[in-house]
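See below for the structure under consideration.
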Amino acid sequence: MRKILRLLKNIYVLNFLRRLYLASKYFNRKYFQIIKWGFSSKEDTNFTYHLTQDNIKYLAHTIAVVTNMDYSEIIKYIEELQSDEILKETILTAIDNSTEKKFADKEVRFGRRIGWYAFARAIKPKIIIETGVDKGLGSVVLCAALLRNKKEGFKGKYYGTDINPKAGYFLSGKYKKTGEILYGDSIKSLSKFSEKIDLFINDSDHSSEYEYQEYLTIKPLITDNSIILGDNSHCTSKLADFSHETDRNFIYFQETPLNHWYPGAGIGISYKGNT
């Protein structure tokens with residue numbers, strides 16, 4: 001076998017084909033997933049998926065380090081979200097009642113938003129702001145965390161911003177009582193905000209300059225205990241740059257979707273430490 005391999009390596013054309021085959025093995029499964037997704041899914045933007053079990057473990061460890069909490073506590077929060085049937089039913093009902101249901105799948109898949117939820121449960125924020133609501137999957141997940149916090153004696157409020165007046169239709173039922181959507185340009189909405197922000201999530205206009213302007217706008221409203229999550233950090237380094245400029249720590253978590261062609265986005269995390 002080794003002799004055959006040496007022979008192949010010494011013949012340029014055969015070695016070239018062999019190397020192409022080796023490289024293609026990393027992508028062949030993705031082609032199958034694309035075809036399967038084409039038939040099974042109706043989504044055409046903001047793709048949803050589950051994360052692999054190992055990826056969830058890595059996410060929990062990352063959050064444990066940032067929040068200075070035990071890994072077991074973070075995993076408990078994640079499992080709490082994954083088993084929340086009332087929340088899932090609320091989302092599915094919102095899909096059924098929406099004019100956009102022809103572009104939505106009838107399965108709830110949280111992806112990296114389980115990390116958003118775990119952060120909200122861990123630090124018990126009084127104020128959460130998410131820019132870029134879209135359908136409102138992140139909105140309702142974060143409000144679910146706030147309602148759990150309230151039962152434990154920690155009140156909090158969620159504010160989402162979006163330029164689309166139809167955004168946020170997932171935020172319904174009991175979850176809407178603790179959340180509010182501010183419609184209009186995100187930076188203009190943030191400029192009018194005066195309360196301190198405990199948890200900020202950037203997920204609006206995905207241009208790097210707009211993202212950076214959001215961070216500059218909220219700079220007077222964050223404290224040493226505030227955590228900023230960047231949903232665009234797999235594309236730009238603006239949250240890392242902002243963290244360096246403001247003497248904050250920055251780490252990045254990369255998603256690994258389960259049985260999905262999309263390579264995954266991630267969570268940029270800016271924090272001071274000792275939250």
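The values are calculated or read from the model by the stated rules, or taken from the named source; none is laboratory data. As the structure is a computational prediction, the values presented were derived from the model and not from experiment. Cβ sites come from the backbone with ideal geometry, for glycine too, and all protein chains shown count toward neighbours.
Summary of computed values
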item: Boolean, I129 is outside any helix (DSSP H, G or I), among the β-branched types (V, I, T) and touching a strand residue (DSSP E or B) at 6+ places or on another chain (Cβ under 9 Å); result: yes
item: Restricting the range 190-248 to residues that are of a type in the set (K, R) and exposed (fewer than 14 other Cβ atoms within 10 Å of the Cβ), the residue that is farthest from S139 (Cα to Cα); result: K219
item: Residue in the range 89-104 that is out of contact with any Asp or Glu (no Cβ under 8 Å at 6 or more places or on another chain), assigned to a loop (DSSP other than H, G, I, E, B) and closer than 30 Å to L216 by Cβ present; result: no
item: Among residues of the range 153-184, those that are part of a helix (DSSP H, G or I), out of contact with any helix residue (DSSP H, G or I) (no Cβ under 7 Å at 6 or more places or on another chain) and surrounded by 15 or more Cβ atoms within 10 Å (Cβ to Cβ), counted; result: 1
item: Candidates D54, D96 - the one that is surrounded by fewer than 15 Cβ atoms within 10 Å (Cβ to Cβ), touching a residue at least 60 places away in the same chain (Cβ under 8 Å) and not β-branched (V, I, T); result: D54
item: Any hit, the range 216-228, residues being in a loop (DSSP other than H, G, I, E, B) and either modelled with pLDDT under 95 or farther than 30 Å from K36 by Cβ (or both); result: no
item: Matching residues, the range 148-198, being among the small types (G, A, S) and either farther than 20 Å from S226 by Cβ or over 22 Å from the mean Cα position of the chain (by Cα) (or both); result: G153, A167, G168, S172, G173, G184, S191, S194
item: Options D198, D203; residue that is in the same structural domain as I128 (by TED's automatic domain parsing), of a type in the set (D, E) and touching a Pro at 6+ places or on another chain (Cβ under 7 Å); result: D198
item: Members of the range 19-40 found to be among the polar types (S, T, N, Q), within 16 Å of P263 (Cβ to Cβ) and under 25 Å from the mean Cα position of the chain (by Cα), listed by number; result: Q33
item: Among (1) out of contact with any Lys or Arg (no Cβ under 9 Å at 6 or more places or on another chain); (2) modelled with pLDDT of 95 or more - the single one F39 does not satisfy; result: (2)
